[in-house]
Amino acid sequence: MSETVLAVSGLHVDIGRRSIVRDLAFEVARDQTLGIVGESGSGKTMSVLAATGLIDAPGSRVSGSSLLRPPGADPVQLVGADRRTLRRVHGDAVGFVFQDPSTSLNPLLTVGRQIGESLEIHRGLTRRQARARAIEMLDAVGLPDPARRVDAYPHQLSGGQRQRAMIAVALACDPALLVADEPTTALDVTTQAQIVELVNALQRRKGTAVVWISHDLGLIGQVADDVLVMRAGETVDRQPVVDVFAHPAHGYTRDLLAARPRLRADGGPPAAPDAPALLEVDGLDVVFSLSTPTGRVAVHAVDDVSFTVRRGTTLALVGESGSGKSTIANALTGLVRPRAGTAVLDGRDVLRARRRDRRQIAMVFQDPFASIDPRCSVEEAIDEPLRVHRLGGGGRAARRTRIGELLEAVELDPALRTRYPHELSGGQRQRVSIARALALEPELVILDEATASLDVSIQARVLALLRRLQGELGLTYLFIAHDLAIVQEMSHEVLVLQGGRTVEYEPAAELFRSPQDPYTQRLLSAVPPTEPGQWSRGRAAEYIAPRDAM
Amino acid sequence: MSEQQPLAPTLPLGDDRPRLASWRLFLSNGLTVASLCVLVTVVASALLAPWIAPYGVNAVDVAQQLQPPSAAHWFGTDDLGRDLFTRVLFAARTSLLVAAISVAFALVVGGVLGIVAGYAGGILDTLVMRIVDVMFAFPVLLLALAIVAIFQPGLWTTIFAIGIVYTPIFARITRASTLTVRTTPFVQVSQTMGTPVASILARHVLPNITGPLIVQTSLSLAFAILSEAALSFLGLGIQPPSPSLGGLLFNAQGFLTLAWWMSIFPGVVIFVTALAFNLLGDGFRDVLDPRQRTIIEARRTR
């Protein structure tokens with residue numbers, strides 16, 4: 001192994017009276033990538049922030065050792081270092097890329113100024129030199145037309161382009177260490193593949209040591225040389241990546257591996273039974289009118305989309321952000337008004353449904369933290385549809401019984417009924433959302449990225465629950481997702497959307513066996529494969545091409 | 001992945017230190033508790049004025065005129081020999097009554113306007129908020145003066161005038177909070193379920209915007225007391241011989257050099273009450289604003 005860049009040992013982090021990270025140790029060497037995996041709340045971000053002296057949570061205490069050895073310079077102890085030392089190191093020897101590219105760039109400064117900032121401070125470059133270097137960096141991260149983009153403001157770039165710019169900011173001073181904290185979580189799958197390949201390529205060129213934090217073991221398998229698995233502040237597994245996948249040392253790692261959604265080469269879900277059509281959507285067309293400084297602009301969010309959902313089956317709507325899949329859901333539930341088209345559910349027009357008839361379509365939203373009123377207990381949340389539509393027998397006692405049944409149906413302890421949302425975990429909240437949707441006794445349930453913000457192991461359980469409910473209650477799902485591995489597990493038919501248009505609409509088995517459209521093929525190849533390493537180092541080399549026009 | 005899953009584990013509450021109850025945080029701030037005590041004292045003595053007052057409100061005793069504070073007359077007497085302590089008690093009663101009713105009026109009217117405008121949007125929103133803008137453009141006292149000038153000066157005119165002046169503030173705050181709550185997924189869920197609008201507003205929107213409203217209410221009470229004093233001082237509020245804090249000050253004006261106690265005691269009551277309401281409002285804001293709250297919690301654990 002070559003020279004060590006960051007050596008962490010005996011790292012403890014406490015916030016208030018709570019212990020967040022206990023006895024953490026790891027090393028990253030030049031040209032190596034350490035992947036830190038764990039579910040939300042496992043302390044993975046906190047440990048890296050503490051190791052790099054960035055932690056600023058009130059009441060936090062850090063102990064242990066974190067030694068940074070920039071090549072050709074004296075080692076620096078980062079735990080307990082004063083602000084001056086940290087300022088000298090941050091941005092120079094250590095670069096950071098965070099999750100959300102839309103908030104980690106300053107909206108008031110051009111991209112070029114933000115890349116040049118650290119160069120002017122740490123390297124004493126003039127404004128003009130920094131600008132020249134910024135253009136080089138933007139070119140290196142594969143942003144098209146860097147000489148023009150250097151003067152762009154963050155809002156003029158797409159999400160993927162912003163994350164590329166953020167990487168350029170982080171790498172401007174050629175840091176010895178790059179910390180990437182969930183850098184692709186907020187991005188589309190195809191963009192994620194590009195960013196992974198970009199970081200790998202830059203690392204090979206410059207020999208940067210990388211610490212890559214993610215909740216997705218599949219992704220870590222593609223980027224990391226060593227893997228550190230964290231759970232509740234403890235290290236449970238620490239091995240080279242190949243060994244983690246081949247023979248995981250700890251049961252928890254095995255669970256994580258098993259829970260990971262994967263594309264299967266074999267069959268896929270059973271073909272759609274010859275069920276009667278439940279929902280028929282024809283020529284759906286939604287146009288949004290937006291006010292911009294240059295006048296009103298019409299955005300064609302959904303462009304002439306038609307599909308049929310059969311009773312008791314699942315149709316998946318797949319596409320990247322901006323493809324119009326959520327807009328279709330909102331049109332069906334009456335949140336937006338379509339410009340044209342019809343949607344007939346069981347013989348009745350859904351698009352012009354009255355308030356009383358709104359119970360035929362239920363919706364489960366993505367964010368389990370925002371989709372339940374924080375001031376309502378679990379019972380009150382599930383009671384609302386029962387009360388509004390006089391379901392479950394009308395009386396208060398009958399409704400209470402029904403709520404108990406619903407909680408059991410979604411495998412929640414009925415004792416939770418008096419809890420408030422902030423006392424529940426993300427998975428439990430999503431189960432409450434599902435119970436609330438079932439309370440409507442709907443014909444169709446729309447699942448709008450319903451599992452996308454859950455940890456993988458919880459996601460697997462919620463998906464299993466949804467499949468079980470479909471089998472037992474004969475539910476019909478409209479399943480909106482961007483992750484094709486999950487789609488394959490869940491759906492009978494798939495409709496791929498791009499820019500509001502239908503790209504491909506086929507039974508799932510056929511689509512996964514032989515995807516016709518190049519866009520579908522691109523989506524498929526962006527799913528991290530089962531074996532570690534094969535994707536980023538080999539197959540996906542084609543993604544390095546600056547094709548990031550979206 | 002097994003199909004047969006056990007019940008989802010319940011989140012252990014004991015493991016994660018539960019959030020401190022709001023009221024405990026609230027009471028942990030000494031300044032807030034002090035202001036709360038002051039307000040309780042002021043309100044209690046104002047309410048109990050008829051029983052604890054040693055003399056009649058308008059019991060004139062010319063022989064005892066302009067007496068300095070003494071054991072018989074704690075706050076001294078005025079130019080007609082009336083006991084100032086008694087008059088301050090009854091004045092505080094009037095002032096608090098005016099403040100409470102006018103702010104309640106502003107809260108209800110402004111709150112309803114704001115919540116409806118914010119939720120409905122469109123033309124209704126534009127119309128209501130432009131009217132609010134126009135009302136904001138008037139200086140507060142000028143608007144109140146105009147209202148008093150149109151109607152006869154008196155207790156209810158004063159209440160109405162102050163209420164109108166504070167309505168736009170509440171309308172604006174309620175609308176801004178409603179706008180943020182309206183777009184949250186939990187409101188959208190209710191919309192897709194076909195919950196009636198009135199039910200969404202009452203059950204989901206209103207409980208989630210109470211924080212800023214409580215803060216604004218307690219701050220407005222302070223300013224309403226000051227406004228009442230100002231109007232009465234100008235002779236347009238509560239009409240003599242009924243005592244009000246502003247009226248007492250107006251009366252004391254002519255005797256500034258002769259009887260300092262006539263202006264000091266009503267002035268101190270106005271000052272202390274307004275300050276206490278302000279500090280209480282700050283205390284509420286610290287507890288109800290999540291960001292502020294995290295800072296206090298962190299400070300406690302250190």
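Here are a few things to note about the model shown:
- DSSP beta bridges in chain A [antiparallel fraction, %, rounded to 5]: 55 percent
- Candidates B:Leu249, B:Ser102, B:Thr183 compared by Cα position along the dipole of chain B: farthest toward the positive end lies B:Thr183, with charges placed on Cβ.
- Extension gain, A:Lys206 to A:Arg355, is 47.6 nm, computed as 0.36 nm per intervening residue step minus the present C-alpha separation.
- Each peptide in A:311-317, A:427-433 was scored by the mean count of other Cβ atoms within 10 Å over its residues; highest first, the order is A:427-433, A:311-317.
- Gained length - A:Thr401 relative to A:Thr418, 0.36 nm times residue gap less alpha-carbon distance: 4.7 nm
- Linear extension gain, A:Leu86 paired with A:Asp282, 0.36 nm per residue minus alpha-carbon span: 64.6 nm
- Over the protein assembly as shown, equivalent-ellipsoid semi-axes from the Cα gyration tensor in Å: 59, 36, 27
- Burial ranking of peptide ranges A:72-81, A:39-48, B:200-209 (average Cβ count within 10 Å, highest at the top): A:39-48, B:200-209, A:72-81
- Between B:Leu141 and A:Glu27, the FRET efficiency from the beta-carbon distance, with R0 = 60 Å, is close to 0.30.
- Inter-label distance, nm, simple model (7 Å from Cα along the C-beta direction), B:Thr180/B:Val134: 3.0 nm
- Average beta carbon contacts from partner chains per residue of B:192-204, 10 Å cutoff: 6
- Ellipticity estimate at 222 nm from DSSP helix runs (n ≥ 4, -39,500 (n - 2.57)) divided over chain B, nearest 500: -22500 deg cm²/dmol
- Cα shape, the range B:92-301, gyration tensor, a/c 1.5 rule: oblate
- Sites A:Arg501 and A:Arg337 - FRET efficiency at Förster radius 22 Å, r taken between beta-carbons, to 0.05: 0.65
- Mean per-residue shielding of peptide A:363-375 is 5, counting Cβ atoms of other chains within 10 Å of each Cβ.
- Axis angle, to the nearest 10 degrees, between helix B:210-233 and the longest C-alpha principal axis of chain B: 20 degrees.
- Distance between the C-alpha centres of the range B:256-274 and the range A:1-25: 63 Å, rounded to the whole angstrom.
- GNM on chain B, alpha-carbon springs under 10 angstrom: the most fluctuating residue among B:Ala91, B:Ala230, B:Ala44 is B:Ala44.
- Taking the Cα centre of the protein assembly as shown as origin and assigning +1 to Lys and Arg Cβ atoms and -1 to Asp and Glu Cβ atoms, the resulting dipole is close to 1460 debye.
- Highest-MSF residue in chain B out of B:Ile214, B:Ile52, B:Ile101 [GNM, Cα springs under 10 Å]: B:Ile52
- The range A:308-526: antiparallel DSSP beta bridges as a percent of all, rounded to 5: 30 percent
- Label-point separation, A:Ala258 to A:Ser289 (7 Å along Cα→Cβ), nm: 5.6 nm
- Residue order, fewest to most surrounding Cβ atoms within 10 angstrom, among A:Lys206, A:Lys325: A:Lys206, A:Lys325
Readers should treat all values here as calculations from the given coordinates under stated rules, not as data from a laboratory. Predicted, not measured: the structure shown is a model, and the values here were computed from it. Because the Cβ atoms are built from the backbone with ideal geometry, glycine has one as well, and the counts that use them run over all protein chains shown.
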